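Structure first, then comments.
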Amino acid sequence: MQKVGILGGGQLGRMLLQAAANYPVITYVLENDAECPAAHLCHHFTLGDIKDYDTVYRFGKQLDALTIEIEAVNVDALEQLEKEGVRVYPSSSALRIIKNKILQKAFYKEKEIPTAPFVVIENKAALANHVDMLPAVQKLGEGGYDGRGVQILKDSYDLRLGFDAPSVLEKMVTIKKELSVIVVSSGQEEPAIFPATEMAFHPELNLLDYQLCPAEIPRETLWKAEALAMMVVKGLGSPGIFAVELFVDNRGDVLVNETAPRVHNSGHHTIEAAYSSQFDMLWRVLLGYPLGNPAPIQTSVLLNVVGAEGYSGDAIYEGLEEVLKMENAFVHLYGKKKTKPGRKMGHITLMGKDRQELIYQAGAIKKLFRVIA
Ligand code: ADP
């Protein structure tokens with residue numbers, strides 16, 4: 001049986017391992033927390049730092065193939081492992097580009113892939129030379145994750161808030177919609193494209209955010225989004241799964257925001273709502289099998305379950321039983337012992353025919369289901 005490893009042991013790794021159970025594969029996870037969400041679902045768990053060269057090299061050396069669930073890993077070790085014949089998906093070269101937002105934006109520019117206009121900033125002082133870019137969004141070259149490396153700079157007064165590190169300063173886009181298109185490339189056959197997901201924001205339902213798939217967008221917008229996602233993946237030239245995040249602006253233009261070279265939050269609904277899930281697809285790539293069918297089975301709305309404000313400590317799932325009684329709700333809890341405000345603790349996928357009903361139901365769940373301590 002093939003031995004396949006995952007760098008990182010969070011919820012993405014956990015859901016990957018759930019899908020791995022359907023295949024002949026021996027699974028390995030490297031993570032520096034023995035209680036992480038993926039630790040108990042793999043065959044072999046290694047405690048160690050995914051950023052450390054020797055640790056990653058030693059972990060990978062025993063494997064046939066290796067993937068990631070987070071970008072912040074030691075890419076030099078992956079490059080060496082590739083040279084020694086380990087299949088690394090995404091490739092080290094693709095990962096190197098994506099891992100650094102400066103290189104990532106330069107890649108889009110070089111490939112003529114539409115993206116928000118930007119300049120590269122070396123440090124905070126250099127921001128003052130680019131007031132013409134304001135309002136803008138400053139993004140750390142390395143080290144940002146889940147919005148933490150992103151700072152909005154509205155006017156020159158805001159420049160004091162800027163990061164003092166190499167970063168991208170990008171023009172603020174008037175966003176009409178945020179989309180994600182997940183593309184799976186095996187390197188053998190034509191890539192598979194999942195239907196676009198829309199990151200929605202509901203003004204009346206108290207800042208409810210949810211994801212809707214397939215996205216409610218004109219056909220031309222979908223075509224543009226899919227074409228751009230394909231350009232990104234072709235340009236990166238690596239097998240693997242890629243979530244391309246896009247903006248639709250107020251003129252209907254579609255821009256690439258960023259790419260994740262791994263399974264992604266915007267694809268969690270595919271576990272139930274697509275014939276082949278994003279996790280299933282990645283195993284097919286890693287193990288050299290034909291790609292699956294990315295088509296949707298039904299319309300879905302996905303809600304992230306995050307720790308409620310004001311509660312830190314051992315997680316308690318208030319209202320869980322009511323949600324479990326709902327016939328079209330699929331509950332995923334990530335097995336994290338401790339909650340804190342905003343921490344991703346799970347997700348709920350709702351499936352049905354009527355978008356409005358699903359969105360209404362999501363709002364109701366948001367009110368009755370909470371993670372407290
Ligand atoms: P992260 O990698 O931390 O998720 P993103 O680059 O995706 O960071 O930015 C986080 C969010 O900030 C985006 O989802 C979007 O809502 C907003 N954002 C990012 N870039 C821009 C931009 N150029 N104009 C307007 N909003 C932006």
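The values are calculated or read from the model by the stated rules, or taken from the named source; none is laboratory data. This one's a predicted model, so the numbers in the text were calculated from it and none came from an experiment. Backbone-built Cβ (ideal geometry, glycine too); neighbour counts: all protein chains shown.
A few comments on the model shown:
- The residues listed here are Val120, Val150; of these, the one that is under 21 Å from Leu95 (Cβ atoms), within 12 Å of the ligand (Cβ to nearest atom) and in contact with a strand residue (DSSP E or B) (Cβ under 9 Å, 6 or more places away or on another chain) is Val150.
- So Pro261, is it out of contact with any strand residue (DSSP E or B) (no Cβ under 8 Å at 6 or more places or on another chain) and closer than 30 Å to Val75 by Cα: no
- Members of region 61-75 found to be surrounded by fewer than 17 Cβ atoms within 10 Å (Cβ to Cβ) and either touching a strand residue (DSSP E or B) at 6+ places or on another chain (Cβ under 8 Å) or not basic (Lys, Arg) (or both), listed by number: Gln62, Ala72
- Flag for Tyr108 being in contact (Cβ under 8 Å) with a residue 60 or more places away in the chain and of a type in the set (Ser, Thr, Tyr): yes
- Every residue from region 57-90 that is farther than 26 Å from Arg148 by Cβ, touching a residue at least 24 places away in the same chain (Cβ under 8 Å) and small (Gly, Ala, Ser): Gly60, Ala65
- Only one of the listed residues (Ser186, Ser156, Ser167) is hydroxyl-bearing (Ser, Thr, Tyr), farther than 24 Å from Ile241 by Cα, at pLDDT 95 or above and more than 11 Å from the ligand (Cβ to nearest atom). That residue is Ser167.
- Which listed residue is in contact with an Asp or Glu (Cβ under 9 Å, 6 or more places away or on another chain), part of a helix (DSSP H, G or I), more than 16 Å from the ligand (Cβ to nearest atom) and of a type outside the set (A, V, I, L, M), from Lys234, Lys224: Lys224
- Some residue of region 131-140 being assigned to a loop (DSSP other than H, G, I, E, B), more than 12 Å from the ligand (Cβ to nearest atom), of a type in the set (Asp, Glu) and farther than 30 Å from Pro239 by Cα: no
- Hits in region 91-117 (condition: within 16 Å of the ligand (Cβ to nearest atom), assigned to a loop (DSSP other than H, G, I, E, B), touching a strand residue (DSSP E or B) at 6+ places or on another chain (Cβ under 9 Å) and not aliphatic (A, V, I, L, M)): Pro114, Pro117
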